[in-house]
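> Take a look at the following structure, please.
The values are calculated or read from the model by the stated rules, or taken from the named source; none is laboratory data. Note that the coordinates shown come from a computational prediction; the quantities given were computed from them, not determined experimentally. FYI the Cβ positions are ideal-geometry reconstructions off the backbone, even for glycines, and counts take in every protein chain you see. Protein only, heavy atoms only, side chains kept; ligands, DNA and RNA dropped before computing areas. Shrake-Rupley method; radii C 1.70, N 1.55, O 1.52, S 1.80 Å.
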Amino acid sequence: HYRYLISKVKKGDLKSILEEILKRIGKQEKKIEDLDRKSLGMEKKALKHFQKIGFVRFNPFSDTGGEQSFCLGLLDEENNGIVLNSLHSRGHTRIYAKTVKKGQGKNFDLSKEEKEAINKAKKGRL
């Protein structure tokens, strides 16, 4: 162990070795503090990323076959995000988007299917 310690220091006396060790410990402490700060920042940002997805297929019109329409809820950790609604009929398909704030529609009422997609997203179930 002694040889390893003195191999990193030009002067071989104990005082120089201990000073070098303390200097390295100080550098490592700074690096750890920087990493902690960066990690906390990334954790805070990650809360705003879409993490929860809910998906519901349905048939809104009697003249179309199958469940070609759908709602897709995309939420972050705080249940904020969007719900996308695709309504398919024989002649066309329309897509709508609504803002979701704390699991509720913001500025617009949500349909039964949109609410279901959001609830699935909250529970982490597609």
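> I'd like to verify a number: residues in segment 63-98 that are out of contact with any strand residue (DSSP E or B) (no Cβ under 7 Å at 6 or more places or on another chain) and of a type in the set (D, E, K, R), how many?
5
> Let me ask another. Tell me, please, whether a residue that is in contact with an Asp or Glu (Cβ under 8 Å, 6 or more places away or on another chain), open to solvent by less than 100 Å² (accessible area, probe 1.4 Å) and modelled with pLDDT of 90 or more can be found in segment 20-32.
No, segment 20-32 has no match at all.
> Let me ask something additional. Which condition number does Leu87 fail, the rest of (1) surrounded by 17 or more Cβ atoms within 10 Å (Cβ to Cβ); (2) within 30 Å of Glu43 (Cα to Cα) being met?
It fails just one condition, (2).
Yes/no per residue for (1) basic (Lys, Arg); (2) surrounded by 16 or more Cβ atoms within 10 Å (Cβ to Cβ):
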| site | (1), (2) |
| --- | --- |
| Phe70 | no, yes |
| Leu74 | no, yes |
| Val83 | no, yes |
| His92 | no, no |
| Tyr96 | no, no |
| Lys101 | yes, no |
| Gln104 | no, no |
| Leu110 | no, yes |
| Glu113 | no, yes |
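> What number of residues in segment 105-122 are farther than 12 Å from Phe70 by Cα, of a type outside the set (A, V, I, L, M) and in contact (Cβ under 8 Å) with a residue 12 or more places away in the chain?
So the count comes out to 4.
> Turning to a different aspect of this structure: Take segment 41-65 and flag every residue that is open to solvent by 100 Å² or more (accessible area, probe 1.4 Å) and either assigned to a helix (DSSP H, G or I) or under 25 Å from Val100 (Cα atoms) (or both).
Across segment 41-65, the qualifying residues are Met42, Glu43, Lys44, Lys45, Lys48, His49, Phe50, Arg57.
> Please specify each residue of segment 50-91 satisfying the condition of being at pLDDT below 90 and over 22 Å from Lys112 (Cβ atoms).
Result: Arg90, Gly91.
> Is it fair to say Ile82 is within 17 Å of Gly105 (Cβ to Cβ) and not in a loop (DSSP other than H, G, I, E, B)? Steps first, answer last, please.
Details: within 17 Å of Gly105 (Cβ to Cβ): yes; not in a loop (DSSP other than H, G, I, E, B): yes.
The answer is yes for Ile82.
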